[in-house]
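I am attaching a structure below and will ask some questions about it afterwards.
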Amino acid sequence: MTSRIRKAIIPAAGFGTRMLPATKSVPKELLPIVDRPIIDYIVEEAFEAGIEHVVIVTGRMKTAIEDHFDRAFELDATLRESGKGKLADRIAASTPSVGAISFIRQQEARGLGHAVWTARHAIGEEPFAVLLPDMVMTGAEPCLKSMVALHDRLGGNVIAVERCAPEDAHKFGIVSFTQTPEGPLVTGLVEKPAPGTAPSNCYISGRYILQPEIFGLLEEQEPGAGGEVQLTDALVRLMAMQPIRAFEFRGRTFDCGAPAGLVSANLAFAMARPELAEALHDEVQAAAALAIEARASAA
Ligand code: UTP
């Protein structure tokens, strides 16, 4: 029988250099998608998948993330006194219950693999999920929920994959897999392959279910691409010991760690809200017309 997935790690200790200077003093994970910080959407996905305990790996300059998930008594009282009880209720309802989230410091940003390893004692000897907080996913069913269902059925490790343009494959962790009666089984993984050498255009899109044996492998993992301890490199070694299944996510993913992804996510989420959609529609049309004009006069 497979163990239930009860815990999730959200590694959030990276520098967020692609979003500088916005991330010089504000954690990337707290940049907004409309009126909620990015990390809210990720924590929500975890709880929707049945996760009971979320471990957020943070670092220096990231303490505001802890404050975000805390009760804000003064704010609550002020909102209620000024007749904004509904807003206060909404904020209180979105604050996770006591003990549902804990925080661990990575101390030194040595890579995603190292960040996951940092949380090993909080996870213990059970399978767990990892959600990258900059990858915001939307679809008919939350990505992690589908992956948990797959794990409940078949066990092993599961990684979410999506397809990118072949010329973009060098930017990602790339997987190749083979079809089996139980679904796609991963046969190869490579982190940021040199341009033109990627074995496929399927990239690891930021959600994992892993068995606890990964921690021992991460402990002795040498730094790889970018001089960082790469989770993908440890997964290559895990693949020799245990099955790693690929779950092909069919929704939409926004890489909110980069400007184009964050702006697109803001647009998509705002347009999904009737109270914002109408005003935004005109604004988007006007901006697009201006861009076309500017391009024409530059040509
Ligand atoms: P990224 O590769 O996106 O790194 O890490 P980053 O620092 O956040 O962003 P850029 O590339 O400099 O713009 C993937 C995830 O792993 C976490 C990041 O916070 C991000 O969620 N991470 C990365 C850590 O927690 N610790 C690390 O040492 C490195």
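The values are calculated or read from the model by the stated rules, or taken from the named source; none is laboratory data. If you're wondering where the values come from, they're calculated on a predicted model, not measured in any experiment. For neighbour counting, all protein chains shown are included, and Cβ atoms are generated from backbone atoms with ideal geometry for every residue, glycine included. With ligands, DNA and RNA removed, areas are computed over all heavy atoms of the protein, side chains included. Shrake-Rupley method; radii C 1.70, N 1.55, O 1.52, S 1.80 Å.
Starting from the Kirkwood Rh over alpha-carbon pairs, what translational D in µm² s⁻¹ does the range 1-157 have by Stokes-Einstein at 20 °C and 1.002 mPa s?
Diffusion coefficient, whole number: 128 µm²/s.
Still on this model: Net charge around Leu185, counting only other residues with Cβ within less than 13 Å of its Cβ (Lys, Arg = +1; Asp, Glu = -1)?
Counting the neighbours of Leu185, the net charge comes to -1.
So what's the net charge close to Ala288: Lys and Arg +1, Asp and Glu -1, counting the other residues with Cβ under 12 Å from its Cβ?
Net of charged neighbours comes to -2.
Anything in the chain that counts as a DSSP H helix reaching 20 Å or more along its axis (C-alpha) with Kyte-Doolittle mean of at least -1.0? List them, would you?
274-298
How compact is the range 162-225 by the rule of thumb for globular proteins, expressed as Cα Rg over 2.2 N^0.38 Å?
Relative to the rule-of-thumb radius for its length, the range 162-225 sits at 1.23.
Give me the accessible area per residue for the chain, probe 1.4 Å, as a whole number in Å².
51
Enumerate the lysines that Lys145 could reach by cross-link, defined here as Cα to Cα under 30 Å, with residues fewer than 8 away along the same chain left out.
Lys7, Lys28, Lys62, Lys86, Lys171, Lys192
For the range 77-171, what is the convex hull volume of its Cα atoms per residue in Å³?
It comes to 215 Å³ per residue, whole-number rounded.
Considering only protein heavy atoms, what is the solvent-accessible area of Tyr41 at a probe of 1.4 Å, reported in Å² to the nearest 10?
The accessible area of Tyr41 comes to roughly 30 Å².
Okay, next question. Taking a quarter of the surface of the convex hull around the Cα atoms of the chain, what do you get in nm²?
18.7
Let me ask something else. Taking N as the number of residues in the range 1-56, what is its alpha-carbon radius of gyration divided by 2.2 N^0.38 Å?
Computed over Cα atoms of the range 1-56, the ratio equals 1.36.
Over all directions, the average projected area of the alpha-carbon convex hull for the range 65-131 comes to how many nm²?
6.1
Next up: Got the relative contact order for the chain handy, in percent, Cα pairs under 8 Å and 6 or more residues apart?
Reported as a whole number, the value is 22 percent.
Something else: Anyone know which of Ala272, Ala288, Ala109 comes out most mobile in the 10 Å Cα GNM of the chain?
Ala288
Let me ask something else. Counting only C-alpha contacts under 8 Å and six or more residues apart, can you give the relative contact order of the range 103-244 as a whole percent?
In percent, rounded to a whole number, it is 33.
Follow-up. Please enumerate, by chain and number, the aspartates and glutamates with C-alpha under 17 Å from the C-alpha of Lys84, excluding those fewer than 8 residues away in the same chain.
Candidates past the 8-residue exclusion: Asp35, Glu74, Asp76.
Next up: Could you tell me the extents of the range 211-299's C-alpha atoms along the three principal axes, largest first, rounded to whole Å?
56, 35, 19
Additional query: Round to a whole angstrom and tell me the spacing of the C-alpha centers of the range 223-299 and the range 28-98.
With the range 223-299 and the range 28-98 each reduced to a Cα centre, they are spaced 22 Å.
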